[in-house]
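Computed from the coordinates by the stated procedures, all read-outs in this text should not be read as laboratory data. All values derive from a computational prediction rather than experimental measurement. A quick note on method: Cβ atoms are made from the backbone with ideal geometry, for glycine too, and the neighbour counts reach across all protein chains shown.
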Amino acid sequence: MNVIARQDAGPEARTQRPHAIVIGAGFGGLAAAIRLGARGWRVTVLERCEQPGGRASVFRQDGFVFDAGPTIITAPFLLEELWTLAGGRMADDVELRAIDPFYRIRFDDGAHIDCSGHHDAMCAEIGRLAPGDVAGYERFIAMTEEIYRIGFEQLGHVPFGHWTDMARILPDLVRLSGHRSVHGLVARHVRDPRVRAALSFHPLLVGGNPFRVSAIYALILHLERRHGVHFAMGGTGAIVAGLARLIERQGNRIRCNTPVDRILVREGAACGVELADGSRIAADIVVSDACTGFTYGHLLRGVARRRWTDRKLAAARYSMGLFVWYFGTDRQFGEVPHHTIVMGPRYRGLLEDIFEKKRLAPDMSLYLHRPTATDPALAPAGCDAFYALAPVPHLGGGQDWAREAEAFRQRVERRLEEAVMPGLGGHIVTSRVMTPQDFATRYDSTWGAGFGMEPVLTQSAWFRPHNASEDVRNLFLVGAGTHPGAGVPGVLSTARVLDTVVPDANAFV
Ligand SMILES: Cc1cc2nc3c(=O)[nH]c(=O)nc-3n(C[C@H](O)[C@H](O)[C@H](O)COP(=O)(O)OP(=O)(O)OC[C@H]3O[C@@H](n4cnc5c(N)ncnc54)[C@H](O)[C@@H]3O)c2cc1C
C-alpha cells in the first residue's frame, strides 16, 4: 500500500494532534467522534449521505418532518454523557419529553394494553387482560432487573476482546437464563399469548427474533421502566443536529456526501481511507460506523483477514429488513397515541416467515409512529405526520422491492384502516417509503438489514465483530453490528467501549 501524506495542511494539522477518521455519521459514529474529540483526537467524520444521522436521517416533504428511523429514546443518560464530555448540557440543545404511557399494543382481537413504567398501572393493565398472569408478571419483572444490572450496567461497555471475557460471564448467563430465548423466559412466567407478546417483542427493536435471541435481551424492558421512553421535541433529528454541533464545537468536522471506498492498510495497520472520488486521507486510526459486513467485505476488500473472512461474512446471520411508510394526513387522528404496536393474528409464525423462511407473509404486525401527538410542529397546522413500520425479510428473501413496494404499502394502509385509523385513505396528502433495497443503497447495509448482524447468542459479545478489529491494527468498529449491538442505547455503548480500546491522543504513539 502506498505511503500517504497528511492531507489536511491547515492550522489544525500543524498541532500534530493524532488524526482519527470516523466512517459514517450514524449515532455510533457521532458518539465515537465526540468521545475521541474529548480525549484529544483530531477527528474527521466522513458520511456518504447528504446529512448526518444515518438511520436517524430526517426526511422533509410537503411541510411534514419525518424521522426516518429511531423514535423511542431510552437511556437518555448515555446522550447526556456525550454533552458532558464536550463541556455542555443536553438541555441547552435538545428538549426531551417523557412519553407516558410508553406505547399502546393493540392485539388482533381488538383488545389493547397501555404499557408504562408504573408498576401498579402495569399490574392493572395485565390484570385487565389476564388476571392469572399478574403474579408471574411481577416475578418476570424482578428477573429483568437482575438481567439489566448484569447485561447492561456491567457488560454493556466491556470490550469482549478475548474469549476469557466470554468465559467469565458464562455462570451469569446460565443463572439469568441466557441460554433461553426472551420468549422462552417470558413463557415460563405468564400464560396469556397477548401478555407473552407484550413482554417479549422488545428484541425486535434491535433486530432480533424474540424466539431466538438470548433472554439477556429482556434487559430492554427494564431499561424502559427504569429510565423511561422519551421523544425529542423537533424529532430525533434534533438530537442528531445537537451531536453534530458538539463535534463542530470540539473543532472537528463532519463531511457529508463523502463516501469512503476503501480503508487503507499498511503493514497490517489502518493508515487512512480512499474516498469514492479517488482522493486519500491519512489517519492514525480509523473508526468504522458502517455496517460491519460492509466494512470487512467491501472497505477491506483485498486485505488479508484471519477472523472476518469473506466466507465467515457470508455465513453470518443478519437482522430482518424493514418496510417503512412515511405519510402525512390533512386531518389529525387524535385517538392514536404517539407509539402504537398493531399486532397481527400470528406472532411466532410471522416471525418465522420473516427471519427463517424469508417470505412476505399475507399478514403483518406494524409499529405506528405519530410524532405530532407530542410535537404538532412536525406537520402543517391541523395535520398529522406518521410512519408505519413492518418487519419484512432482508434482501436474502429475494423480494423485488421495486415491484412489491406499492402493493405492500397499500396492504399496510388497509391494515391501519381496519385496525386503528378508519377512513385513512381519504386523508393522505404526502407519502414515501423505504424498503430493504433502500437500506442497502442509502446506508451500505448488508442484505438491506434494518439492524446489522442479527443478535443471536453466537453473534453476541465476544462472537460479534470486536470494537478493536481482530484483523487490522488501528482499526476500530462501532455501531449496530458490533458489541453490544443495535438500538440507540446499544450503538452509543459501542462508542463508549472505544474509551477502553483506543488510547488518549497524547498517549498514542
Ligand atoms: C426504521 C427504524 C426505526 C428504529 N427505531 C428505533 C427506536 O425507536 N429506538 C432505538 O433505540 N433504535 C431504533 N432503531 C435502531 C437504531 O436506529 C439503529 O440501531 C442506530 O441508529 C444505528 O446507528 P449506527 O450508527 O450503528 O448505524 P447507521 O445509523 O446506519 O450509521 C451508519 C452510517 O454510516 C454511513 N456509511 C455507510 N457506508 C459508508 C461509506 N462507505 N462511507 C461513508 N459513510 C458510510 C451510512 O450512510 C450511515 O450514515 C431503529 C432503526 C430503524 C431503521
For the chain, with only Lys/Arg (+1) and Asp/Glu (-1) charged at the beta-carbon, what is the dipole magnitude about the Cα centre, in debye rounded to 20?
1260
Would you mind checking which residues have amide H under 5 Å from Arg180's amide H? H placed 1.01 Å from N; only 5 or more apart, or other chain.
Ala215
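Would you mind putting 240-250, 441-451 in packing order, based on average other-beta-carbon counts within 10 Å, highest first?
Numbers: 240-250: 19.6, 441-451: 23.8.
Ranking, from highest mean packing down: 441-451, 240-250.
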Please sort 301-313, 252-264 by packing, taking for each peptide the average over its residues of neighbouring beta carbons within 10 angstrom, highest first.
252-264, 301-313
What is the Cα coordinate range of the range 132-251 on the first, second and third principal axes, sorted by size from largest, in whole angstrom?
55, 39, 22
Report the one residue of Trp447, Ala468, Gly425 whose Cα lies farthest in the direction of the positive end of the charge dipole of the range 409-509 (charges on C-beta: Lys and Arg +1, Asp and Glu -1; origin at the Cα centre).
Gly425
Along the charge dipole of the range 290-347, which of Gly293, Gly321, Ile341 sits closest to the positive end, that is, farthest toward it, with unit charges on the beta carbon of Lys, Arg, Asp and Glu (+1, +1, -1, -1)?
Gly293
Can you compute 3J(HN,Hα) from phi for each residue in the range 474-487, using the Karplus curve 6.51 cos²θ - 1.76 cosθ + 1.60 with θ = phi - 60°, rounded to whole Hz and x for Gly and Pro?
6, 10, 10, 10, 10, x, 4, x, 10, 7, x, x, 7, x
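Given all pairs of different Cα atoms, what value in angstroms does the Kirkwood hydrodynamic radius of the chain take?
Numbers: mean 1/r = 0.0430 Å⁻¹.
Its Kirkwood hydrodynamic radius stands at 23.3 Å.
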Cβ crowding within 10 Å averaged over residues, with 132-145, 25-38 ranked highest first
25-38, 132-145
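Net charge near Arg496: determine it from the other residues with C-beta under 14 Å of the C-beta of Arg496, scoring Lys and Arg +1 and Asp and Glu -1. Don't skip to the end; give the middle numbers.
Details: positive: Arg35, Arg39; negative: Glu80, Glu81, Glu153, Asp289, Asp499.
Within the 14 Å Cβ shell, the charges total -3.
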List, largest first, the extents of the alpha carbons of the range 4-131 along their principal axes, each in whole Å.
69, 34, 27
So who's got an amide H within less than 5 Å of the one on Arg331, skipping anything under 5 residues away but keeping other chains? H placed 1.01 Å off N, in plane.
Asp384
Hz values of 3J(HN,Hα) by residue in the range 442-452 - Karplus curve (6.51, -1.76, 1.60), Gly and Pro given as x:
7, 10, 6, 8, 4, 6, x, 5, x, 9, x
In whole Å, what are the extents of the range 418-472 along the principal axes defined by its C-alpha atoms, from largest to smallest?
55, 25, 15
Interchain or long-range residues, amide H under 5 Å from Phe476's placed H
Val286, Val287, Ser288, Ser469
Tell me, what HN-Hα J-couplings in whole Hz come from the Karplus equation 6.51 cos²θ - 1.76 cosθ + 1.60 at θ = phi - 60° for each residue of the range 367-377, using x for Gly and Pro?
10, 10, 10, 10, x, 5, 5, 10, 10, x, 5
